[in-house]
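Novice: Okay, here's the structure, questions in a sec.
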Amino acid sequence: MAVNIQYLKGVGPKRASRLRKLNINTVEDLMYFIPRDYDDRSKFKTLRECMIGEKVSLEVEIIGKANILRPRRNLSIIKIPVKDSSHNAYLVWFNQEYLKDKFIVGEKIIVNGKINKVGMEIQIMSPVFEKSGTMNKVGRITPIYSLTEGLTNNEIMKIIDYSIKEYINQIREFLPQEIIDKYDLMDIKDAIINVHFPMNSVLLEKARKRLSFQELLTLQMGLFIIKNRNFTNNKGIRFNKTVEINDFIQKLPFELTNSQIKVFKEIEADMENDIQMNRLVQGDVGSGKTIIAVLAMFKAISSGYQAVMMAPTEILASQHFESIKKFFLGYNIRTELLVGSIPPKAKEEILLDLKEGRIDVLIGTHAVIQENVEFNRLGLAITDEQHRFGVKQRAILSHKGNNPDVIVMTATPIPRTLALILYGDLDVSIIDELPPGRKEIETYAVGPEMIERINNFIRKQILESRQAYIVCPLIEESETLTVNAAEELYKDFKDNIFKEFKVGLLHGKMKPKEKDLVMEEFKNHKIDILVSTTVIEVGVNVPNSNIMVIYNAERFGLAQLHQLRGRVGRGEHQSYCILINESNNQISRERMRVLQNSTDGFKISEKDLELRGPGEFFGTRQHGLPELKVANLFTDMDILKVAQKEAINIVNQDPNLELEKYRELKKKIQEMFSNLGEYSTFN
Ligand code: ADP
Ligand code: MG
């Protein structure tokens, strides 16, 4: 069905290029261009039943000639008198005089528009209309599409309508009949027709259900197959039982929490058997995940293997490098850092030493999964802050060795169903306890009118030798605008408000070297106030900094705010997090309150899901997964559960989908994952 849309009747090159902007290239793309919403015009009312402000469909009779008013230059109002069995009314349009000759007195038409009342007069505002009995645009549930410039909803409707009429018979069923029967799914052709042009809401629901199901099943199966191929039943390394580890733990500057001990025991058991470990370590900000990674690395090295740890930013990688090096001090362990900004010569040396086994631990950013990075005996691959990476990167990292054990770490708690999607079926370990002696961070949600008082508070704290983070509003869709906002605030602080202090700036468009320098200065207290974008979101550790102020906090996800807040409260001083909420919106206020009242990351992220849906974080694209066109991971949770159950069934029965009945499904999965390239689903 790869018919190019350009050759579709009524499309041509110009429209085709506009459609391409919507990611529509083929007729099939058109059919799967699912309406973002629907306008239910199928319910007819009489005028007497209507409420003011309501949008309704009505059948009315034209009872007089058009009335044209011109109250101002550039404004004409056309009014056409109509009636139904219950009342008289006017159809009203602005600046559309050409409509005056469209109607014949006595003619019956169907209209859909918003009801307005002026004095005693009932008006139907800017209605769409058609002759009675045609039932095309008006008397049904109308699809509403996401638009792009130069394409109207009507045009898209027509193009889709045409492509369905012409090509629907070429769409082939790809779900096995037994599954269709088992879940009473709508036939695929009917589903496509009804998702665009539903005859009623029941059929629409069935159509959506069918399409969501097929999409979630395809996605989940693909992920299971990747997982099977990369991990399951893979013979892994059997690491030695090590006694040295106990000595190592004894010498740590702190005592492990019970949670940390439990999680490390789970990892130890995995490492000592010969099945490849594939484990997610989930623990709230500050719960101490890094030391778990260090212990696992120590164990791998003791058995003569190398270990690698990948972090999402240079700042975080360098920080890990510094602290991990310290833990290994006094042991014969060589740790190196590999990030983009390392000079070529030094890099070359690292790469060579790594390949020849002279480096034990490599810590870095995406740089560690570049093609030229080769290990000598990689035994353990760790990804920190997993939510910043995709499936593909994780797979590449583990392919750097011969079935190395894998640990991924995340501070973001995820409901089980979503974890199955985002992480396949990793085993999960949870650190559910914070190290002792942490002071609870005081959190305040305030309005922008409090900014001056906040600044005075910051001043006072800085005079007591503390430091502050100021996080700038995230401006959707535009990195540049976000950076501009940060720069502006920075200037204002530096030149006016806090000119007696040292103010620093950190954002994603700075060169890695510049970023490191600023971070280093902040760490060494050469900077008092650090204005930044969310680049400081993950992992950065500056214990003397005890204030976190977040501008336009309403624009962030709660889980993200919680992460940001986790940058403070790391030292001996009482810490504060101030959320500046610039929205009066009820949900915003409620979201801020959640953060004010809770420090439990799991509760916070569940609440966030409840209040605003899966949003950014749970978007598939962010995880490097194929984009979903129909299904919504949150609202379609029930369908997801069923699809997951079925996916497990099928994969257990036929892991490589070799049975004839799965042939078409297999093709679909391959199609969906084709952009994952060599790490895609099938060999
Ligand atoms: P996260 O889970 O957010 O990655 P980190 O591993 O960065 O947390 O740990 C946060 C801080 O807590 C670090 O300074 C670390 O050294 C310290 N820490 C970790 N475990 C313990 C512990 N059991 N007792 C005291 N401090 C600890
Ligand atoms: Mg961490």
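Novice: Being touching a helix residue (DSSP H, G or I) at 6+ places or on another chain (Cβ under 7 Å) and on the phi > 0 side of the Ramachandran plot is true for just one of Gly340, Gly330, Gly288, Gly304. Which residue is that? Break it down stepwise before answering.
Specialist: Details: Gly340 fails: on the phi > 0 side of the Ramachandran plot; Gly330 fails: touching a helix residue (DSSP H, G or I) at 6+ places or on another chain (Cβ under 7 Å); Gly304 fails: touching a helix residue (DSSP H, G or I) at 6+ places or on another chain (Cβ under 7 Å).
Answer to the selection: Gly288.
Novice: Out of everything in the stretch 269-286 that is open to solvent by less than 10 Å² (accessible area, probe 1.4 Å) and either of a type in the set (Gly, Ala, Ser) or within 22 Å of the chain's Cα centre (by Cα) (or both), what residue ends up being farthest from Val428 (Cα to Cα)?
Specialist: Checked the stretch 269-286; the qualifying residue farthest from Val428 (Cα to Cα) is Gly283.
Novice: Ok, one more. May I ask you to list the residues in the stretch 349-387 that are within 16 Å of ligand 2 (Cβ to nearest atom) and polar (S, T, N, Q)?
Specialist: Thr365, Thr383, Gln386
Novice: Starting from residues that are among the hydrophobic types (A, V, I, L, M, F, W, C) and part of a helix (DSSP H, G or I), keep the ones in the stretch 256-271 and report whichever is farthest from Glu244 (Cα to Cα). Step through it out loud before you land on a result.
Specialist: Residues of the stretch 256-271 that are among the hydrophobic types (A, V, I, L, M, F, W, C), as a first pass: 256, 261, 263-264, 267, 269, 271.
From the residues that got through so far, the ones that are part of a helix (DSSP H, G or I) too are 261, 263-264, 267, 269, 271.
Working: Ile261: 16, Val263: 18, Phe264: 15, Ile267: 16, Ala269: 16, Met271: 15 Å.
Step by step, filter the stretch 256-271, then rank; the result is Val263.
Novice: Can you name the number of the only condition in (1) away from ligand 1 (no atom under 16 Å from the Cβ); (2) in the same structural domain as Leu316 (by TED's automatic domain parsing); (3) within 35 Å of the chain's Cα centre (by Cα); (4) touching a residue at least 40 places away in the same chain (Cβ under 8 Å) that Asn376 fails?
Specialist: For Asn376, the failing item is (3).
Novice: OK, next. Looking only at the stretch 200-215, count every residue that is under 13 Å from Ile180 (Cβ atoms) and open to solvent by 60 Å² or more (accessible area, probe 1.4 Å) and tell me the total.
Specialist: So the count comes out to 2.
Novice: For the stretch 496-522: of the residues being in a helix (DSSP H, G or I) and open to solvent by 80 Å² or more (accessible area, probe 1.4 Å), which is modelled with the lowest pLDDT?
Specialist: As a first pass, look at the stretch 496-522 and keep what is in a helix (DSSP H, G or I): 496-497, 512-522.
From the residues that got through so far, the ones that are open to solvent by 80 Å² or more (accessible area, probe 1.4 Å) too are 496, 513-514, 517, 520.
Numbers: Asn496: 94, Lys513: 79, Glu514: 87, Leu517: 86, Glu520: 85.
Result: Lys513.
Novice: Considering Arg663, Arg591, which residue is crowded, with 21+ Cβ neighbours inside 10 Å, assigned to a helix (DSSP H, G or I), modelled with pLDDT of 85 or more and among the charged types (D, E, K, R)?
Specialist: Numbers: Arg663 fails: crowded, with 21+ Cβ neighbours inside 10 Å.
On inspection, the qualifying residue turns out to be Arg591.
Novice: Scan the stretch 141-151 and give yes if some residue there is open to solvent by less than 30 Å² (accessible area, probe 1.4 Å), within 13 Å of Ser57 (Cα to Cα), within 36 Å of the chain's Cα centre (by Cα) and not hydroxyl-bearing (Ser, Thr, Tyr), otherwise no.
Specialist: Scanning the stretch 141-151, I find at least one residue that is open to solvent by less than 30 Å² (accessible area, probe 1.4 Å), within 13 Å of Ser57 (Cα to Cα), within 36 Å of the chain's Cα centre (by Cα) and not hydroxyl-bearing (Ser, Thr, Tyr), so the answer is yes.
Novice: Still on this structure, please answer the following. Counting only residues that are open to solvent by 20 Å² or more (accessible area, probe 1.4 Å) and in a helix (DSSP H, G or I), how many does the stretch 13-33 have? Can you show your working first?
Specialist: If we filter the stretch 13-33 for residues that are open to solvent by 20 Å² or more (accessible area, probe 1.4 Å), which is where we start, we get 13-15, 17-18, 20-23, 25-26, 28-29, 32-33.
Still in the running and in a helix (DSSP H, G or I): 13-15, 17-18, 20-21, 28-29.
Count: 9.
Novice: If you check Lys392, Lys400, which single one turns out to be over 20 Å from Tyr305 (Cα atoms) and either assigned to a loop (DSSP other than H, G, I, E, B) or open to solvent by 10 Å² or more (accessible area, probe 1.4 Å) (or both)?
Specialist: On the way: Lys400 fails: over 20 Å from Tyr305 (Cα atoms).
Going through Lys392, Lys400 in turn, just one is over 20 Å from Tyr305 (Cα atoms) and either assigned to a loop (DSSP other than H, G, I, E, B) or open to solvent by 10 Å² or more (accessible area, probe 1.4 Å) (or both): Lys392.
Novice: Still on this structure, please answer the following. Please go through the stretch 237-255 and give me each residue that is part of a loop (DSSP other than H, G, I, E, B) and more than 13 Å from ligand 1 (Cβ to nearest atom), ordered by number. Talk me through it step by step, then tell me what you get.
Specialist: Pass one, the stretch 237-255, residues part of a loop (DSSP other than H, G, I, E, B): 237-243, 251-255.
Scanning the stretch 237-255 gives Ile237, Arg238, Phe239, Asn240, Lys241, Thr242, Val243, Lys251.
The values are calculated or read from the model by the stated rules, or taken from the named source; none is laboratory data. It should be emphasised that the depicted structure is a prediction, and the values quoted were computed from it without experimental measurement. Every residue, glycine among them, receives a Cβ derived from its backbone with ideal geometry; neighbour counts consider all protein chains shown. For accessibility, only protein heavy atoms count, side chains too; no ligands or nucleic acids. Shrake-Rupley method; radii C 1.70, N 1.55, O 1.52, S 1.80 Å.
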